[in-house]
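What follows is a single structure, written as structure tokens, with notes after it.
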Amino acid sequence: MVSPLDQHALPASRRLLCPICQRAMTACICHWTSPIDHAFDVLILQHPLEVGNAKNSVRLLHLSLPASKLVVGSVFDTDELEALLHGPSRLRNVSPSEKVHPVLLYTDDASTSATTYFDARTMRVEGQEQFPRVRLVILDGTWRKSRKMLFENPTLQTLPRLVLSDTPASRYTIRKSHKPEQLSTLEAVGYALMQLERNSEKYHPLLTAFDNFVLQQGYMRLHGQAVRRGE
């Protein structure tokens, strides 16, 4: 049996992992989560290189949104992706027969000829078709990785796009961004759900959990640096 104090000396593959958040027990984030009864489906497509990144916020997001679905991959089989995008809602009290409309949460950085825009205020695409039941689709990765995922999966390019605007500055101080206004995946989804549900207070616990996660990662980085220096 290895004591928690000795886990820092073990190779990553031998550390005891939390069965829920899949992180080392010394870096468990489960205590920060506050599950939220979200009213919109959330599908997260995570780049494989993000899975083992300690700074990645998706596991915290996934645990905070109980009905969300997390799938790891970069290039998806077309039929598999169609099933993920258009499958039955995972939300409670929603009929499996009710049609779900996928909407891609993404920036304007990679527009294509097929790009149309979804307005969270009117729930319409280009001022026309209204979507009563929406599935928010997120590409989790660095700017370059997510952009590559978009272009390597043509089906994603056809989805109506929700572009966030006028959001607060990112709290993601532990990771560099491509542009100053870019947000973490957790922040982007949180603000998108606030707009879709017209309820910002409901998602304050999610952002509080993220703040605590950022502080924890910052502390662990400083602690690791001190250990390496022999302090």
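The values are calculated or read from the model by the stated rules, or taken from the named source; none is laboratory data. Everything quoted here is computed from the prediction, not taken from an experiment. In this analysis, Cβ positions are derived from the backbone assuming ideal geometry, glycine residues included, and neighbour counts consider all displayed protein chains. Protein only, heavy atoms only, side chains kept; ligands, DNA and RNA dropped before computing areas. Shrake-Rupley method; radii C 1.70, N 1.55, O 1.52, S 1.80 Å.
Overview of values
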| item | result |
| --- | --- |
| Pairs, first closer than 11 Å to His47 by Cα and in a strand (DSSP E or B) in the range 122-150, second open to solvent by 70 Å² or more (accessible area, probe 1.4 Å) and modelled with pLDDT under 95, C-beta under 9 Å, six or more apart | Leu139/Arg147 |
| Residue check, Glu201 out of contact with any Ser or Thr (no Cβ under 7 Å at 6 or more places or on another chain), open to solvent by 20 Å² or more (accessible area, probe 1.4 Å) and either modelled with pLDDT of 95 or more or more than 25 Å from Arg144 (Cα to Cα) (or both) | yes |
| The range 51-72, residues that are open to solvent by 10 Å² or more (accessible area, probe 1.4 Å) and in contact with a Pro (Cβ under 7 Å, 6 or more places away or on another chain) | Pro66, Val72 |
| Some residue of the range 68-80 being modelled with pLDDT of 95 or more, within 18 Å of His47 (Cα to Cα) and aromatic (Phe, Trp, Tyr) | yes |
| Among (1) assigned to a loop (DSSP other than H, G, I, E, B); (2) farther than 21 Å from Ala209 by Cβ; (3) not acidic (Asp, Glu) - the single one Ala67 does not satisfy | (2) |
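Residue by residue, here is whether (1) at negative phi; (2) in a loop (DSSP other than H, G, I, E, B); (3) of a type in the set (A, V, I, L, M) holds:
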{"site": "Asp37", "(1), (2), (3)": "yes, yes, no"}
{"site": "Leu43", "(1), (2), (3)": "yes, no, yes"}
{"site": "Gly52", "(1), (2), (3)": "yes, yes, no"}
{"site": "Arg59", "(1), (2), (3)": "yes, no, no"}
{"site": "Leu63", "(1), (2), (3)": "yes, no, yes"}
{"site": "Val71", "(1), (2), (3)": "yes, no, yes"}
{"site": "Val75", "(1), (2), (3)": "yes, yes, yes"}
